[in-house]
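Novice: Here it is, the structure in full.
The values are calculated or read from the model by the stated rules, or taken from the named source; none is laboratory data. The model shown is predicted, which means the values in this text are computed figures rather than measured ones. Don't worry about glycine lacking a Cβ; one is built from the backbone with ideal geometry, like all the others, and counts go over all protein chains shown.
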Amino acid sequence: MVGTRSLRAVDYLRVSTEEQKKGYGVARQSRKTTRHIALKQWAHVGTYKDEGVSGSLEAADRGDLKRLMDDAQQTPRPFDIVVVPDGRVIGRKGRAFWRWVWALEDIGVYVAVVADDYDYDYDYDYDYDYDYDNTTTEGRKKMRRDADCAETEWETIRDRTRGRLQEKAELTPAAHIGGRPPYGYRIANKGTPGSYLVVDEDEGKVIKRVYDLVVGEGLNLRKATIRLNSEGIKSRTGKSWTPHNLRDRVMSTPVLDAVLVFRGKHAKTDEDGTPLWGDSIRIELPRILTEEQSAELRRKVAETAKHSSGQRSFYPLSGRLVSLCQRTYTGISFASDREYTRFYRCTGGSPKDLSQKSCGCSRIDADALEAHVWTRVTEIASDSENFRRWLPSGSG
């Protein structure tokens, strides 16, 4: 138990975003803590407050609470006790509560909880008709009970929220469960319990344009990317497209299959593989492409990728030809209907940074070039005197 000397007190105030929406602010909490400090005849030497911050966060993740902890480490220490208007201000999770309290106790700072005149509009079953602090053994016991109540309440809210999300995913057509919508869709009735996904007309046009470029014109995704950028078509963020970004957006499951999986492969499971918070649910979405168009787009993208990679080993001159821009040539094939054209292109013509300009070096027909080189090689090899001139000095 502490002595009778007057303690230097600071108060810590916090409201979550949800509490702010209900009209609860730190001003109401401040009236409680200020009155309590005055009744205890402590010296009120400062206030710390976090607004719109969840109580499930640790102290290090809250701006002013972190500042409070940093100040408590100073020598000489600027305060002796921290006053809070409710145990839940410290933390919704018991571990957040106790880590904070223990950290302060270790450096000789006490915590006081103001629980009288509990006038918040919450439906709690716990008795808060007394104040307490950890300057006494009895106060520490009461604080421990408050921590248990706070964690129980937090777990109840979490489970109810998860249950509501599960129910919404099961019953609401094209339900929006949370987060950013997949590319090609937007949120209708945003901010309401009945929010759902609909096709975004502008992004839908981009997806259909990619379909025309790949299926209609035979372009691969890289060339389709360049075409989109040249046409001034931007990504959702307003930036130029990249091949990887375009693939991730246009070839996604929501776009091609019109399905969004809630609690899918990344959902937490138990040891048996059973989802912890509910079964996986397939949320059907309105289609942007028809089933036939989606299948054809998949086939074309896979086809161009396969042909591109399958032909790489058949370019013996890749990296051995130097272009006018001092870059090297590499081999590449172009799929057009059922015929494939092989050629060499300058690496300066396809810069990794799409904002850079192409060098403008012409393509070279691979078959013609390789035939010409092979002819010269055989001519040199057949003439022993000529062949020796091409050998490095010192070779036999």
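Novice: Scan region 266-302 residue by residue and report those that are modelled with pLDDT under 60, of a type in the set (A, V, I, L, M) and loosely packed, with under 13 Cβ neighbours inside 10 Å.
Specialist: Leu276
Novice: Moving to a separate point now. Restricting attention to region 236-251, and to residues there that are within 17 Å of the chain's Cα centre (by Cα) and crowded, with 16+ Cβ neighbours inside 10 Å, which single residue is farthest from Glu203 (Cα to Cα)?
Specialist: First, the residues of region 236-251 that are within 17 Å of the chain's Cα centre (by Cα): 236-237, 244-245, 248-249.
Cutting the leftovers down to crowded, with 16+ Cβ neighbours inside 10 Å gives us 245, 249.
Details: Asn245: 14, Arg249: 10 Å.
Among residues in region 236-251 that are within 17 Å of the chain's Cα centre (by Cα) and crowded, with 16+ Cβ neighbours inside 10 Å, the one farthest from Glu203 (Cα to Cα) is Asn245.
Novice: Now for a different question. Does Gln41 satisfy the condition of being surrounded by fewer than 20 Cβ atoms within 10 Å (Cβ to Cβ), modelled with pLDDT of 80 or more, at positive phi and not acidic (Asp, Glu)? Before the answer, list the steps.
Specialist: Numbers: surrounded by fewer than 20 Cβ atoms within 10 Å (Cβ to Cβ): yes; modelled with pLDDT of 80 or more: yes; at positive phi: yes; not acidic (Asp, Glu): yes.
Yes, satisfied.
Novice: Anything in region 355-396 that is in contact with a helix residue (DSSP H, G or I) (Cβ under 6 Å, 6 or more places away or on another chain), in a loop (DSSP other than H, G, I, E, B) and modelled with pLDDT under 80? List them, or say none.
Specialist: The one that is in contact with a helix residue (DSSP H, G or I) (Cβ under 6 Å, 6 or more places away or on another chain), in a loop (DSSP other than H, G, I, E, B) and modelled with pLDDT under 80: Ser358.
Novice: Moving on. Do the conditions hold for Asn229, that is, is it polar (S, T, N, Q) and in contact with a Phe, Trp or Tyr (Cβ under 8 Å, 6 or more places away or on another chain)? Walk me through how you get there before you give the answer.
Specialist: Values: polar (S, T, N, Q): yes; in contact with a Phe, Trp or Tyr (Cβ under 8 Å, 6 or more places away or on another chain): yes.
Criteria met by Asn229.
Novice: Right, here's the next one. Can you find a residue that is modelled with pLDDT of 65 or more and either assigned to a helix (DSSP H, G or I) or among the basic types (Lys, Arg) (or both) anywhere in region 160-178?
Specialist: Of the residues in region 160-178, the ones modelled with pLDDT of 65 or more are 173-178.
From what's left, either assigned to a helix (DSSP H, G or I) or among the basic types (Lys, Arg) (or both): none.
Among the residues of region 160-178, not one is modelled with pLDDT of 65 or more and either assigned to a helix (DSSP H, G or I) or among the basic types (Lys, Arg) (or both), which makes the answer no.
Novice: Separate question: Please count how many residues of region 176-192 are touching a Lys or Arg at 6+ places or on another chain (Cβ under 9 Å) and small (Gly, Ala, Ser).
Specialist: Here the count works out to 1.
Novice: I'm checking my understanding of the structure. Among residues of region 182-230 that are within 23 Å of the chain's Cα centre (by Cα), part of a loop (DSSP other than H, G, I, E, B) and in contact (Cβ under 8 Å) with a residue 60 or more places away in the chain, which one is surrounded by the most Cβ atoms within 10 Å (Cβ to Cβ)?
Specialist: Across region 182-230, the extreme among qualifying residues is Gly184.
Novice: Still on this structure, I have one more. Going by the conditions given, is Asp64 under 34 Å from the mean Cα position of the chain (by Cα) and at pLDDT 85 or above? Steps first, please.
Specialist: Working: under 34 Å from the mean Cα position of the chain (by Cα): yes; at pLDDT 85 or above: yes.
Considered against the rule, which asks whether it is under 34 Å from the mean Cα position of the chain (by Cα) and at pLDDT 85 or above, Asp64 comes out as yes.
Novice: Just one of (1) out of contact with any helix residue (DSSP H, G or I) (no Cβ under 6 Å at 6 or more places or on another chain); (2) within 25 Å of Lys357 (Cα to Cα); (3) modelled with pLDDT of 90 or more trips up Leu213, so point out which.
Specialist: Every condition holds for Leu213 apart from (1).
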